[in-house]
Amino acid sequence: MQSMQWRNTAQRGGGGEAGGDRACGGLCRRIDGTTVPPYRFGFGRFAHMKPAPHAAASSTHDAVAAAPRLAAVSHRRELVLGTALSALLLHAPLPAAAREVEVGQFLPPAPSHPGFVFFRATPKDTPALRAGNVQPYEFVLPPSWKQTRVANILSGNYCQPKCAEPWVEVKFEDDKQGKIQVVASPLIRLTNKPNATIEDIGSPEKLIASLGPFVTGNTFDSDELVDTKVEQIDGQTYYSYVLETPLALTGSHNLAKATAKGNTVVLFVASANDKQWSSSQKVLKTMVDSFQSKQVWIEHCAQLPIKGCSVHINEESRSSFTASKVSATLAFP
């Protein structure tokens, strides 16, 4: 209100140093006799008023003097931010990628499957095996395949030993033939019965209805199920599946094999697109057929000669290690 009173006085030619000068060249005088520098009214309806010459000169000088300092500060900020970003990019984990080494260079041959090598999962391979949440499993695969890393969020590393959702154990692939993965699901997700067998969970159709999305990578439709098979291997029941999945993220052709052991259902999945399937379906089928989840025989066989463990060790396991190495391998926690 005082500002309006002052403005009206100025327009009426109020006395004092300001007089009738609407620009108030020096100090502006209010109606109560006090003075105010004009630059305090350089906004709103008083934006037309000019600051005193000495004030303008001082402001210009300060701005010119501050410019180099501001530029230096801005440059230092850019250097600091650039250095920090470079360090972050250099130390950030790289995307998961396939090993450069083919499995044939470090896995032993599979005598019962010429042209294949033998893989047996150990606690060194997965968090679930280290936690004792999954029984050891094994299968054969071509020596030209490469193992791919499993993302930490998919490996179950963050939730072992009490994961509520399925996780991926291991993955292998070949650009020309397809890919395989082992998926493990907590038994409690499928049944309330502890230590249930796969038969306790239900029929092959019921099991794949629950685990189908982990085969396809997205959704599962019962119409995509082409064939099922039930078989017994060393007293263990396995469900096998053939699926045609044109919309699956894993591939338009999928083979799967599942069994229940301990507190977990283990699912072996082989996938291929149309181009891969035409030349590799026999190879993928051999890999799926070879998959087994082994019994817990470590405590017993570690103290026996290798012949005493023949009931529990198949031909690949027995031929992959010498007698002295078998005891050490079986004793691995």
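The values are calculated or read from the model by the stated rules, or taken from the named source; none is laboratory data. Predicted model, so just to flag it, every value in this text is computed and none were measured. For neighbour counting, all protein chains shown are included, and Cβ atoms are generated from backbone atoms with ideal geometry for every residue, glycine included. The protein model used for the area step is the full one, side chains on, heavy atoms only, and it has no ligands, DNA or RNA in it. Shrake-Rupley method; radii C 1.70, N 1.55, O 1.52, S 1.80 Å.
Largest to smallest in accessible area, the residues Glu165, Glu244 fall in the order Glu165, Glu244 (1.4 Å probe, all protein chains included). The range 194-232 and the range 123-138 have their alpha-carbon centroids 22 Å apart.
Note on Thr237 and Ser279: with the Förster distance fixed at 51 Å, the Cβ-Cβ geometry gives a FRET efficiency of about 0.95. Full extension of the chain segment joining Asp200 with Ser112 gains 28.5 nm, where the gain is 0.36 nm per residue of separation less the Cα-Cα distance.
Sort the range 103-293 into rounded, prolate or oblate with this rule: let a ≥ b ≥ c be the square roots of the eigenvalues of the Cα gyration tensor; rounded if a/c is under 1.5, and if a/c is not under 1.5, prolate when a/b is larger than b/c, oblate otherwise. Verdict is rounded for the range 103-293.
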